[in-house]
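Contents: one structure, followed by commentary.
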Amino acid sequence: MVSRIKTSTFELISLSPRMASAVELEGPLHSDMLLLIALSLIAMFLPYLLFVIYKLRRSRKQLRLSEKRLKSTVEGSGDTLWDWDITTGEVIRINDKYTSDSKTLTGFPPNKRLIHPHDLAKVEHLLKKHFAEQSAFFEASYRIKDTLGNWHWVLDRGKIIEKDNNLNPTRMAGTVRDISLLKSTEARLNLFAKCVESLTDAIAIYDKNFVLVDVNPSFLTLFGGSREQYLNKPFSLAGYEERFVDKVKLAASKNQHFQQEVKLRNTERVLLPIELTIDEIKNEQQHVTNYVVVYSNLSERKKAQAQLHNLSNRDRTTSLPNRNLFFTDLQKLVKEKEHHALLVFDLDNFKKINDSLGHQLGDSLLAKLAMRLNKLTRDNDTFYRLGGDEFALVMSDTNDIHVITRMAKQFLAAIATPFKMAGHELVITSSVGIVLYPEDGHTPESLLKNADTAMYHAKKKGNSYLFFNDTMNRQAVKRLQIENLMRFGLKENHFEVYYQPKMNIRTGKLTGMEALVRFITPKKGIISPGVFIPIAEETGQIIEIGEVVLNKACKDVKQWIDDGLFSGRVAVNLSAKQFSLPDLTSRIDVILQKNALPSYFLELEITEGTVMDDPQDAISIMRSLSARGIHLAMDDFGTGYSSLAYLKQFPLNTLKVDKAFIDDMTTERGRNMVDSIVTIAHNLDLHVVAEGVEQGEQVNILKQLKCETVQGYYYSKPLSKDEFTEFLVQQQNKSAPSLISASKIVV
Ligand code: C2E
Ligand code: CA
Ligand code: CA
């Protein structure tokens, strides 16, 4: 650049009109005296003169040609050439498009009046610097006004080319180039750079090999860390496998574009929802040079969406899911054909409360009630406010009448518990309508309608629940009746204990017996344990019933021991509820002491389900029982899901093979099964009792399989206390197994 400027400056100077005129010949000499000499000299030098003239003319012609050529070159380049005589202020310009008359060219710099006021100071400063020999060249970019008054960005470059004896600059020359186009490109680039810098979206620029070139400040704000730690690193997605990253890169290069929602971790390990967009950048030759990756943080958008979702799906007063969500959820359950129960209720006297105490208090009552009831729900339940004082509970994954009715009762009890608010004690009641899917309807609308109908009927009874389906209602009623009967029966001593003998298979002699509860009601007769025990388990009444059985069994056994009729163990069934009582052992101790029965005479039967609920806890409870000398039997073995690993750890004495296996023993497979169970038990040093043995053939097989003890109708049905006393007496008299006539037995 510098050398080009030098050359053009030089040529400009040597070719300027002033310079050109300086080389023209002066006029002839006018002295007579000299004329002769001259003529003779001319004659003498004429050939030489003619040669000089010829040379000069040729040189002028060449100069003009050069000048013309240069002019056209200058014109072609679009640059303006200038030559400034600093002492006179005269400026010669070639190809000038900014100056219309020479008067405008005055001042320092000479084109001062054309320079944009904002740029003038800068130009003056740079020019002064050059004059003070602080810069080798004068170079300034500024805006200049053209003859039409339009502003142009120019790059003005020049150099002092002559100085006087005092070394003051006398001449300077240079070029002016229009850089408007360049300037706007640069401005655009600056603008783009600024945009990228200030964009809230995080941006990273990668090279064509997906190696990071640069990131914008938002990138660092979003992901944390410093720019340096990312630079020159290959493209990655924090938390994603290499395989996924490769897939993304491939997709971006194949389709020139890629967009997907991803979850990326920042340096603080916070997971951010990000919309990832990748675009490729190509050069003029259509070769990919870079990839621009934009990471749009969706956190706020997601939050807003969630808020919007909440706004349209949650009730503001109670924070419960609303009617909208109720139908959405129910629709989903129906579509997936998932069994569920829907309980609907409203509050009987809520309007009165609202009217007398005001809506605000009414609202806070609803909120308190919602909180109270929501606490009662299971993991699979969702509690909704349908509107006003109307609520719904969806119990998914169940159609168990016990579970459902228990929940309805708990709800009714919780609603009826008085609320203390603003100095008032508010008592509200309600009635619950219940439907089951798919039995009572196939659409959310029909289910809700039928639940409302059931609720309407329940209201007539007041503070109660009702199923839409009558069979259910009958069952629920029956359940309620049994519950009431049990309550009454416990008070009135309607629970009796029957005993079923356990016989030694080899000797046919009695080794022990199982105590089995019998519920004998004066009006309804005998209620089977299969019917009332599950309800008693649900209501918790089994604890009291269990104690009655244990107490009676201890008392009876003590009597038989004292009478010299019996010296074995009585097995008493222990329910899961009893087993999990924190004071179980002390309760048992109390009963044993009360009846003066040593623990040696007691065995407890526990089912697999009971111990496998929390095996570790079960082990410690069983240990404390076993430490007292109480024997432990695993009841209904094979019907649950005992793990052999645990079986080894349980301090058991006996394993009871369930009746289902004994029934199946006539088949080869069934026989093998019992064989395996007996082998396992023996390997674990356990005594084996076969339950529900009804036929002699079963006894024979069990004998072969080395089962020691048998219990079942083959020997005896469960017997009342008196019958069992008789059985014991018979046992003492006979050595052979005795069969008790079924007609005498109440079961
Ligand atoms: P379980 O503990 O398996 O009791 C054995 C059941 O099988 C008894 O039914 C008994 O009468 C019956 N059984 C015995 N031998 C035969 C037979 O050869 N053929 C047939 N078909 N059945 C036979 P039960 O007395 O109706 O009792 C049913 C269940 O109720 C018991 O099963 C037990 O789980 C529970 N249970 C009975 N009494 C009590 C009790 O006092 N407390 C607790 N928690 N549960 C009890
Ligand atoms: Ca049992
Ligand atoms: Ca059993």
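The values are calculated or read from the model by the stated rules, or taken from the named source; none is laboratory data. Note that the structure is a prediction, hence the values are computed from the model and not measured. Reconstructed Cβ throughout: ideal geometry from the backbone, glycine too, with neighbour counts over all protein chains shown.
Filter the stretch 350-380 for residues that are touching a Ser or Thr at 6+ places or on another chain (Cβ under 7 Å) and not in a loop (DSSP other than H, G, I, E, B); which is surrounded by the most Cβ atoms within 10 Å (Cβ to Cβ)? Here the residue is 366.
Across the stretch 642-692, the number of residues qualifying as of a type outside the set (A, V, I, L, M) and within 16 Å of ligand 3 (Cβ to nearest atom) comes to 12.
Taking the criterion of being modelled with pLDDT under 95, within 16 Å of ligand 2 (Cβ to nearest atom) and out of contact with any helix residue (DSSP H, G or I) (no Cβ under 8 Å at 6 or more places or on another chain), would at least one residue in the stretch 595-608 satisfy it? Yes, the stretch 595-608 has at least one match.
Can residue 537 be described as within 16 Å of ligand 3 (Cβ to nearest atom), in contact (Cβ under 8 Å) with a residue 40 or more places away in the chain, within 57 Å of the chain's Cα centre (by Cα) and part of a helix (DSSP H, G or I)? Yes, satisfied.
Answer yes or no: is there a residue in the stretch 584-599 that is within 16 Å of ligand 3 (Cβ to nearest atom) and hydroxyl-bearing (Ser, Thr, Tyr). No, there is no match, as no residue in the stretch 584-599 is within 16 Å of ligand 3 (Cβ to nearest atom) and hydroxyl-bearing (Ser, Thr, Tyr).
Of the candidates 523, 509, the single residue that is away from ligand 3 (no atom under 16 Å from the Cβ), touching a Pro at 6+ places or on another chain (Cβ under 9 Å) and of a type in the set (Lys, Arg) is 509. Would you please list the contacts, defined by Cβ atoms under 9 Å and residues six or more apart or on different chains, that run from a residue in the stretch 304-328 that is in a helix (DSSP H, G or I) to a residue that is among the aromatic types (Phe, Trp, Tyr) and surrounded by 16 or more Cβ atoms within 10 Å (Cβ to Cβ)? Filtered contacts from the stretch 304-328: 323/384; 325/384; 326/384.
Among the residues of the stretch 173-232, how many are within 32 Å of the chain's Cα centre (by Cα) and part of a strand (DSSP E or B)? Looking only at that region, the number is 9.
Note on the stretch 374-414: residues that are over 24 Å from residue 535 (Cβ atoms) and touching a helix residue (DSSP H, G or I) at 6+ places or on another chain (Cβ under 9 Å) total 13. Against the test of being within 15 Å of ligand 3 (Cβ to nearest atom), at pLDDT below 95 and among the acidic types (Asp, Glu), the options 617, 635 yield a single qualifying residue, 635.
Can you confirm whether residue 546 is over 57 Å from the mean Cα position of the chain (by Cα) and either small (Gly, Ala, Ser) or away from ligand 2 (no atom under 16 Å from the Cβ) (or both)? No; evaluated as a whole, the condition is false for this residue. Checking each residue in the stretch 85-126 for being assigned to a strand (DSSP E or B) and modelled with pLDDT of 90 or more picks out 85, 115. Each residue in the stretch 597-651 was checked for being in contact (Cβ under 8 Å) with a residue 40 or more places away in the chain, within 43 Å of the chain's Cα centre (by Cα) and either away from ligand 1 (no atom under 16 Å from the Cβ) or surrounded by fewer than 14 Cβ atoms within 10 Å (Cβ to Cβ) (or both), and 0 pass.
Every residue, every condition in (1) buried (at least 17 other Cβ atoms within 10 Å of the Cβ); (2) touching a residue at least 60 places away in the same chain (Cβ under 8 Å), yes or no:
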position: 679; (1), (2): no, no
position: 685; (1), (2): no, no
position: 698; (1), (2): yes, no
position: 702; (1), (2): yes, yes
position: 706; (1), (2): no, no
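One residue stands out in the stretch 47-84 among those that are of a type in the set (Lys, Arg), surrounded by 11 or more Cβ atoms within 10 Å (Cβ to Cβ) and modelled with pLDDT of 75 or more: the one that is farthest from the chain's Cα centre (by Cα), namely 60. The listed residues are 576, 553, and the only one of them that is small (Gly, Ala, Ser), buried (at least 21 other Cβ atoms within 10 Å of the Cβ) and within 10 Å of ligand 1 (Cβ to nearest atom) turns out to be 553.
Go through 238, 140, 193 for me and flag whichever is surrounded by 14 or more Cβ atoms within 10 Å (Cβ to Cβ), closer than 30 Å to residue 275 by Cβ, out of contact with any Cys (no Cβ under 6 Å at 6 or more places or on another chain) and aliphatic (A, V, I, L, M).
238
For the list (1) modelled with pLDDT of 70 or more; (2) out of contact with any Ser or Thr (no Cβ under 7 Å at 6 or more places or on another chain), I need the number of the one condition that residue 33 fails. Of everything listed in (1) modelled with pLDDT of 70 or more; (2) out of contact with any Ser or Thr (no Cβ under 7 Å at 6 or more places or on another chain), residue 33 misses just condition (1).
Is there a residue in the stretch 239-257 that is part of a strand (DSSP E or B) and not basic (Lys, Arg)? Yes, the conditions are met somewhere in the stretch 239-257.
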